[in-house]
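Presented below is the structure to which this report refers.
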Amino acid sequence: MSLGQVSRILRSKKALVPLVVILVATSAAFSLSSSILLSIYSVQSGAALGQSQNIVVVSQRGSSTGFSGELPLSLLGTLSGLGGVEAVSPEVFAPSVILGGPVMVRGVDPTSFLQMQQLQTLDGKINNFSSGAIVGKDLAAKYHIHAGSTVSVVGDLGSAGVVDLRVSGIFSSRTLLDSELVAPLWVGQWLRGFAYNSVSLFRLKIDPTLTSASLVAATVSSIVHSAKNTTSTPTFLPGSLLSFLPSASSTSDLQGLSVLVQPSSSGQFLSSEFGLSEDSVWLFSALVFIAMSVALFFSFQESIESARREFQTLRQIGMTLRALVSKLLAVNLILSAIAGLCGWVLSVLILAVVPGLESFQLAFYIVRPFSESGLGLPIALAVPVAEATVATFLLALRLDRGRNASRYWLWESGGNNAAL
Amino acid sequence: MWRTRTQVKITCNPTIRIQSIWQLFSLALKLVLRRIDASAILVLMLAPTVVLLVGTSVVAGGFATQAQTVASLLPSGEQRFTAYSNSSSSPSASVIDFTVYTRLRDVNGVQWALPFLALNGTASNRANDLTQVSIIGTNITELISVKSAELTGGLANSSSEVDVGAISAKVLALGIGDNVTLNVAGEERTFRVAGIVNSSSQYDVAVLLPLEYAWQIWPRYTGTLSYVEFSLSPGGTQESLGSIRTLTSGGLYTVSEQGLAPTISSFANQVSGLIGVWTAVLLVLSAVIAVSASFRILSVAGEEFRVSRVIGAKTSTAKSLVFYELLIVSAVSVTAGIGGGVVAADIFSAFLRALSGVGLTPLVDPMRVGLLALASLCFIIGGGGGTLFLIFGRASKNLISYSS
């Protein structure tokens, strides 16, 4: 009994074509879902604040997200003096609107920011944007922005009105930063509604051999805890953009301050306010998996059940269960693998062609499911193959239990004729 | 089905006639129930996509409601707007008539309005340090009031004086009483710094002078503005907005400082858009699975089709029998899918609450769920019915040759 004979039995029952069609469709749906969910997950778990192994983020404890807190700019001096800290970048995150769509504007000191971030120049110049702004490639692609464009930005939380910024360059960072607009620190402060002596957070570039996030946290906490109530004016390096900020006039700011080092990812905002968390992404994936698996399992069952008599007859005339199962399994696995591959290709085409799927906006970030589509291939292959294996074993055993083919045939044909 | 060469004498019983659609339907229902195992499998093939459709819709509805609730709780405060020419890409590049300002200022409900003439130029100090600046002609007194700005020194009140933004003053190392040279379109002119303005806005990187003096110094811009900023009082009102829309409908574009609420609302719209595309994909998938299910229905009901034709039923009657079976299976699948989807959404939110403490209440919108059910049913019946229609032709021909 060869594989070809088994597939001919299934084909004669018109079971093969529907099975292949369903396999391709569900593989495509799996692959599509996984690409979309993985891209959403990348936003949830992504380091939108810019933290990494040697980049430590210091933000305000108690704020709902890492970028919604407020810290005094005067903390810059304290952080710069910590052992093992190579550079400090004060940053302001300002949720804003550009050309009708939400955007995150990050106000920075260009010099210290570029020490933190490896950026690739795609257009124009990005090394000095003190009189304009630079734009991430995803944001630039979405709104057709290029070097030399002027963009108008309105802050969600400030009252500065419309701020016109001249784009000096477009960059790529291969991070969520590619969805942001980066401007001088004061622009972020205008749009965020901050005074000139406030920032959202600090990013520290550390030497991992000399210090760590936990050490920084302990040191900062002890400094803040012991700070006296004095007027402080931050001091900056000569030539730094920060030296052009109007002087801080308020009293300090360090006393009573509570900081958090390495806060959770940007997804915390979406999670706490809307329930769109990593857990919900995984749960939804599980829901899709279970639902599609049910359809797949019963499709396999249909194909095998349709040739039940033939397989039972084969068992009657001496074919071992092992041989039958192995042949069925081989046919189903080959079909699943081929259909899974076709389904993945179909999903990639759908992602590339359907508007609204190639890239879409999630909160302030632009996600591209197409870039995650490669990860959909193992899923598109693995799930049907696993389903095929489980379904074949279970159903073959079921076939074997009802091995009296004659009695089944008589019962079925008698029942059907009686209905008419 | 086993083929035999046995001669079979078939007597056509003239009493077997289907009188009504209801009889046919009840017969189809009996056949579906008689083959309960096979029918259940078909339902389980079709229902999961409906479960996903409904479950996703219910969860997304809850998400959207939650987003709207959050948005509505955010304070809205004073409504501020910027009006400029809709043929320009930005306010600073726009050119509008001064009368736009006077008309906006006079609209009932407008708390304040400010005219702005924005010119691009360069500024240099005595050390000839050059920097790009915006030169803004406006009502400086009102600007300081509206922006709650701090003024060090005095207001510029002649054509030879300017007020400099706090950041520009630091960049150019300018103090009160210093001279600054402005160059606009090749025309150079030196001014005295009367004051330094700290407004925590883009005017801190600008040089300000009264609008009438700007027109006087650069007469080609006389009677024109770049944009107008204005504000509606907290109490006002749809009527004010209506008047403003009428005013600005001819060639003006109005941008509002909207606060965070519309942005958060837009998040819900983003998810809705994605769900819409996902829904379309699932509907197509359900049609595809229905095609497969119809093959199975035909292979099982095909025997009944052939037998019914042999004993005298019309072709249309026999086809209708099979179609009704598809209809019944589809209806049961969609019904099961709706129930399953609502339950799945509840389980989803319960798990979410248990895992991460996040409360997301699913929203069952009967209208939306009904529309999804109807769409699913149409796609399933369309896919399955179309397949049956295509296959029946061949089956009919085979049957004719068999019975003759």
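Throughout, read-outs are computed from the coordinates displayed, never taken from laboratory work. In this text, all values refer to a predicted model and were calculated from it rather than measured experimentally. A quick note on method: Cβ atoms are made from the backbone with ideal geometry, for glycine too, and the neighbour counts reach across all protein chains shown.
Per residue of segment A:299-314, in order, report the coupling 6.51 cos²θ - 1.76 cosθ + 1.60 (Karplus, θ = phi - 60°) as ³J(HN,Hα) in whole Hz, putting x for Gly and Pro.
With the stated coefficients, segment A:299-314 comes to 5, 4, 4, 4, 5, 6, 4, 5, 10, 4, 4, 4, 5, 5, 5, 4 Hz.
Given points 7 Å out from each Cα along the Cα-Cβ axis, report the B:SER87 to B:CYS378 separation in nanometres with one decimal.
4.5 nm
Please list, ordered by chain and number, the residues whose modelled amide H lies under 5 Å from the amide H of B:TYR253; skip anything fewer than 5 residues away on the same chain.
Under 5 Å from the amide H of B:TYR253: B:TYR84, B:SER85, B:ASN86.
If each residue's Cβ is checked for other Cβ atoms within 10 Å, how do A:MET319, A:MET116, B:MET45 rank with the fewest at the top?
If I rank by nearby Cβ atoms, fewest first, I get A:MET319, A:MET116, B:MET45.
List, in order, the whole-Hz ³J(HN,Hα) value for each residue of segment B:81-94 obtained from phi through the Karplus relation with A = 6.51, B = -1.76, C = 1.60 and θ = phi - 60°; use x for Gly and Pro.
9, 10, 10, 8, 5, 7, 8, 10, 7, 8, x, 5, 9, 7
Taking H placed 1.01 Å from N in the peptide plane, check which residues at least 5 places from A:ALA87 or on another chain put their amide H under 5 Å from its amide H.
A:LYS205
Whole-Hz ³J(HN,Hα) for each residue in segment A:86-97, computed from phi via Karplus 6.51 cos²θ - 1.76 cosθ + 1.60 with θ = phi - 60°, x for glycine and proline: what do you get?
These are the phi-based 3J(HN,Hα) values: 8, 7, 10, 10, x, 9, 10, 9, 10, x, 9, 10 Hz.
Using alpha carbon centroids, what distance separates segment B:141-205 and segment A:101-160, in Å?
27 Å
Long-range amide H contacts for A:GLN60: which residues qualify at under 5 Å (H placed 1.01 Å from N, peptide plane, sequence gap of 5 or more or a different chain)?
Result for A:GLN60 returns A:GLY69, A:GLU70, A:LEU260.
How many angstrom lie between the Cα centre of segment B:88-124 and the Cα centre of segment A:335-391?
Each part reduced to its Cα centre gives a spacing of 51 Å.
Listing B:THR56, A:THR209, B:THR190 from the residue with the fewest other Cβ atoms within 10 Å to the one with the most, what is the order?
A:THR209, B:THR190, B:THR56
Relative contact order for segment B:87-250 using alpha-carbon pairs under 8 Å, separation at least 6, rounded to a whole percent?
34 percent
What order do you get for A:SER293, A:SER27 when you list them from fewest to most C-beta neighbours inside 10 Å?
In order of increasing Cβ crowding within 10 Å: A:SER293, A:SER27.
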